[in-house]
Amino acid sequence: MSVTGIIGGSGLDKLDGLVIAHRKRVETLYGEPSSALTYGSYAGKQVIFLARHGDDHSILPHKVNYCANLAALQQAGATQVIAVCAVGGIRADMSPGSLSIPDQLIDYTHSRRHSIYEDASDFAAHIDFTEPYCEPLRQQLIAASVKAGVAASTDVTYGATQGPRLETAAEIDRMDRDGCHIVGMTGMPEASIARELGLCYAVIALSVNYAAGREAGPIVMQAIETALHEGMADVRSVLTETLADTHPL
Ligand code: HPA
């Protein structure tokens, strides 16, 4: 039976409400994933949860083994993956605490393993990525946010930066000109590797700060932690409604 994989990001290293059946360490062709897989049920549906940054949140965005994480979920039977990402808001309405379900992305990351493919002769490597997210799953997330009574923006472009440092104000201005509305460090290559593997993948992004230069003064970590803590309740509500209504695609 197919199941839903959930990748938890900052603020969601554990999934409250998940009834845990068991945990399993696995190995993939690409190495070890960030954490053991947690098998269980959430809103009455079978899910497999993985903490993107490790159980103790020790793996920085540029060090995450994205290939292993997605391959591990697929090996375990996941056909669709909902990823939760913390982001900074670039567009004015992407204020701390707001949710978005992005429909596009721009990749500014580098020096990460960007593909499961290594062999230049492999034509399968040239995946179509015109629409980077799985639209049926995105629509499920959007419908779930309406049911949950949680506002979520859906015409949103995610800009993925390398990190782990935050951006300069000029970099954010450039991303704004490019058409990015939110900025985060983990959205790529997660999305493209999911597509390479044939997984249906979509993102719930929680804004936890305004991006660099969008407010006077530096970005304060304590404020990010507070926004993460407060915003995850809305993320959980959307996940609950999504799974309650979902039969994996
Ligand atoms: N920039 C990049 N990644 C982030 C941010 C940000 O401002 N906030 C949360 N993740």
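Which of the residues that make up the stretch 44-58 are under 25 Å from residue 238 (Cβ atoms) and either of a type in the set (D, E, K, R) or crowded, with 18+ Cβ neighbours inside 10 Å (or both)?
45, 47, 48, 49, 50, 51, 52, 53, 55
Among the residues of the stretch 1-27, what is the count of those that are in contact with a helix residue (DSSP H, G or I) (Cβ under 7 Å, 6 or more places away or on another chain), surrounded by fewer than 18 Cβ atoms within 10 Å (Cβ to Cβ) and either within 15 Å of residue 73 (Cα to Cα) or not small (Gly, Ala, Ser) (or both)?
Counting residues in the stretch 1-27 that are in contact with a helix residue (DSSP H, G or I) (Cβ under 7 Å, 6 or more places away or on another chain), surrounded by fewer than 18 Cβ atoms within 10 Å (Cβ to Cβ) and either within 15 Å of residue 73 (Cα to Cα) or not small (Gly, Ala, Ser) (or both) gives 2.
The rows are residues; the columns are (1) in a strand (DSSP E or B); (2) on the phi > 0 side of the Ramachandran plot.
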position	(1), (2)
6	yes, no
15	no, no
23	yes, no
41	yes, no
54	no, yes
71	no, no
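Sort through 10, 41, 58, 35 and tell me the only one that's within 16 Å of the ligand (Cβ to nearest atom) and either more than 18 Å from residue 200 (Cα to Cα) or under 18 Å from the mean Cα position of the chain (by Cα) (or both).
Working: 41 fails: within 16 Å of the ligand (Cβ to nearest atom); 58 fails: within 16 Å of the ligand (Cβ to nearest atom); 35 fails: within 16 Å of the ligand (Cβ to nearest atom).
Checking each option against the conditions leaves just 10.
Among the helices (runs of 4 or more DSSP H) confined wholly to the stretch 98-204, which include 1 or more residues that are within 16 Å of the ligand (Cβ to nearest atom) and either within 25 Å of residue 77 (Cβ to Cβ) or modelled with pLDDT of 95 or more (or both)?
Numbers: elements: 135-148, 169-178, 190-197.
Here the list reads 169-178, 190-197.
Restricting attention to the stretch 82-93, does a residue exist that is within 30 Å of residue 180 (Cα to Cα), in contact with a Cys (Cβ under 8 Å, 6 or more places away or on another chain) and in contact (Cβ under 8 Å) with a residue 40 or more places away in the chain? Show your work before the answer.
First, the residues of the stretch 82-93 that are within 30 Å of residue 180 (Cα to Cα): 82-93.
If we keep only those that are in contact with a Cys (Cβ under 8 Å, 6 or more places away or on another chain) as well, we get 90.
Okay, now just the ones that are also in contact (Cβ under 8 Å) with a residue 40 or more places away in the chain, so 90.
Yes.
Quick test of your reading of the structure: residue 27 fulfils all but one of (1) touching a strand residue (DSSP E or B) at 6+ places or on another chain (Cβ under 6 Å); (2) more than 22 Å from residue 238 (Cβ to Cβ); (3) modelled with pLDDT of 95 or more. Name the failing condition by number.
Just one mismatch for residue 27, condition (1).
The values are calculated or read from the model by the stated rules, or taken from the named source; none is laboratory data. All figures in this text were calculated on a predicted structure; none of them were measured in a lab. Positions of Cβ are generated from backbone atoms using ideal geometry, with glycine treated the same way; all protein chains shown enter the neighbour counts.
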